[in-house]
Structure formats: structure tokens, C-alpha cells
Amino acid sequence: MKQEAPRYRRIILKISGEVFCLPSGLGLAREPLMRIAGEIADVAQMGVQVGVVVGGGNFLRGANFAQELGIDRSTADYMGMLATVLNALALQEALHELGRPTRVQSALPVPRVCESFDRHRCLRHLERGRVVVLAAGTGNPHVTTDSGASIRAIELKADALLKGTKVDGVYDDDPARNPAARLLGRVTYEQVVNQRLRVMDIGAAEMCEQFGLPVIVFNLFKPGTLRRVVLGEPVGTHMGAV
Ligand code: UDP
């Protein structure tokens, strides 16, 4: 059987930490972890080079955590970055279990457990068909892993940044509160920035605009959707210049 040709040669996939836990839960659970690893392994198997930027919100988000605990925001952000390392290590194990060679590279050095981010080394892994899980976002506080994802996508010359979420894409209103909310097939960078559409952090969206990086928001929970996005099917919401 002829294999369909992927549209992208290299992608950065951004996934929030909450995709790894059971609904309403915290931390990590095996079922979602293995399911998401399966989706990633599937597109890597198609020959697409895959870098995955993982969030840490299933453990903590710096801004909330600093407030709840009354601790310094920068410290809370470093804790959040370390949480992404936990997710990255779990995802690496899951991908290895599925037979997909994987490396973790962290923006905060944790040399006993993973490599530190090194652009050239990362590119070499990708070219050799290894999935690279990129942990600790940018390595700096006061931003989130959305910024890490856009920076990595640009510096690694990815063809697109794919943002896997729990919903089908970007809506013109909150679908949880307004059942008439419409899914938008396309949005411009300007719309996202000016109308504060909830696609990604504004700073990250601005960077995508500056470098003309296409972003596709899609439902990671619908099996096979990542594959469909990679094949160039019109699913989810595409963010671009027009
Ligand atoms: N974080 C940070 N700098 C970064 C990336 C992440 O300070 O470059 C911290 C920040 O506190 C953030 C937390 O790590 O809230 C977890 O990341 P994020 O909120 O992006 O996780 P997600 O919501 O995607 O699971």
C-alpha cells in the first residue's frame, strides 16, 4: 500500500502537561501518556522529524503556585520548568516502550537525567529519526512553554508549530459557555494578538508572526488527528498571515 506523503518535514509539537493526567486529576497517568506517545510515534514513523515541547501544568504553573504558596514568582517558575522535565522523562519512557528512539533535552541542565538543549545536537537527533522531547521551556522565568515552543520551532527551522489541545481548535467564543460558538478554520496572527484569542501566549504569537511560522491548533484527544494535521488535511485552526 502506498504511504501518504506528510506535508511537513519537521514539526514542533507543543503539548500541555494536563494531557498526561486523567480528567480532573493532577500528575501523570499511564493511559493518556501511552495514548499520546502512540500518536507521536505514529507521525515519527511516517518520516516526519518531531520535536515535542512539553508543558508542566499537570504539576504546577508558576503564576498560580507563587500566589497560592506566597513564594517568589521566579522560584515558582523554575519549579514549573522542573515539572516539565518530569513529563519529558515520562514521555521518553513511553516512546521507548513503543520502540521509538527518543532523547530529552532540557533548557535547564539536569545532566544526570537528560541532555541539555544543544541546537546542533538536537538537529542531529531529529535528522536521525529520533524524537526529541524539549523540556524546561526557555530556561527562563516569567514566560511559559508556549514561548519555548515558538523559539525552538524557529531556531530548529520547523515547518510548523502544532499545538495539541483538548478542543478542536480556536472558537469565536468560549465553547464551554456558549454552545453556538463557531470553530474558526483560519485566524491571522493579528486577530490572535489584537482580539486576545486563546491560542497561545501573546508574546509567543507575536514571535510566530515575526518569523512567519504557521501554527495549527488541533484536538490531540481525537485519535489520528495529529496524523491528519501532518498529512495537511484541513483540521483544527490554522494561524498564519492571511
Ligand atoms: N515556565 C517558565 N519558563 C518557561 C517555561 C515554563 O517559567 O520557559 C514555568 C511557568 O511557571 C509555567 C510552568 O513552567 O507556568 C509550566 O509550563 P506551562 O504553564 O507552559 O505548562 P502547560 O500549561 O503548557 O502545561
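Tabulated results
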quantity: Gyration tensor (alpha-carbon) shape descriptor, region 107-206, a/c threshold 1.5; calculated: prolate
quantity: Carbon + sulfur, % of accessible area of region 160-242 - ligands and nucleic acids excluded, 1.4 Å; calculated: 51 percent
quantity: Alpha-carbon centroid distance for the pair region 3-22 / region 174-221, whole angstrom; calculated: 17 Å
quantity: Nitroxide proxy distance, nm - points 7 Å out along Cα→Cβ at Met34 and Thr188; calculated: 4.7 nm
quantity: Principal axis box of region 42-138, alpha-carbon based, largest edge first, Å; calculated: 46, 24, 22
quantity: Neighbour-limited loop hits for trypsin sites (Lys or Arg not before Pro), region 58-154 (at most 13 other Cβ within 10 Å; DSSP other than H, G, I, E, B); calculated: Arg112, Arg128
quantity: Net lengthening on full extension, Asp173/Ala5 (0.36 nm per residue, minus Cα-Cα); calculated: 57.0 nm
quantity: Spacing of the two label points (7 Å from each Cα toward its C-beta) at Asp72 and Asp201, in nm; calculated: 1.9 nm
quantity: In sequence order, calculated HN-Hα J values of region 129-137 (Karplus, 6.51, -1.76, 1.60; Hz; x Gly/Pro); calculated: x, 8, 6, 10, 9, 9, 9, 6, x
quantity: Global form of region 9-76, assessed from the alpha-carbon gyration tensor, a/c cut-off 1.5; calculated: oblate
quantity: DSSP beta bridges in the chain [antiparallel fraction, %, rounded to 5]; calculated: 15 percent
quantity: Kirkwood-based Rg to Rh ratio, region 115-170, C-alpha trace; calculated: 0.99
quantity: Sorted peptide list for 28-38, 138-148, criterion being average Cβ within 10 angstrom, highest first; calculated: 138-148, 28-38
quantity: Count of Lys pairs (Cα-Cα under 20 Å; at least 8 positions apart or interchain) in the chain; calculated: 6
quantity: Residue-normalised accessible area of the chain, given per residue in Å² at a 1.4 Å probe; calculated: 48 Å²
quantity: Amide proton proximity set for Val133, modelled H, under 5 Å, gap of 5+; calculated: Val52, Arg103, Val104, Gln105
quantity: Förster radius 22 Å - calculated FRET efficiency between Ser24 and Glu233, Cβ distance, rounded to 0.05; calculated: 0.10
quantity: Filtered trypsin sites (Lys or Arg not before Pro), region 170-217: DSSP coil and at most 16 other beta carbons within 10 Å; calculated: Arg177, Arg182, Arg196
quantity: Convex hull projection area averaged over all views, the chain, Cα basis, nm²; calculated: 13.5 nm²
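The values are calculated or read from the model by the stated rules, or taken from the named source; none is laboratory data. Quick caveat, the model's predicted, so the values are computed rather than measured. Note: ideal-geometry Cβ built from the backbone for every residue, glycine included; neighbour counts use all protein chains shown. Accessible surface areas use protein heavy atoms only, side chains included; no ligands, DNA or RNA. Shrake-Rupley method; radii C 1.70, N 1.55, O 1.52, S 1.80 Å.
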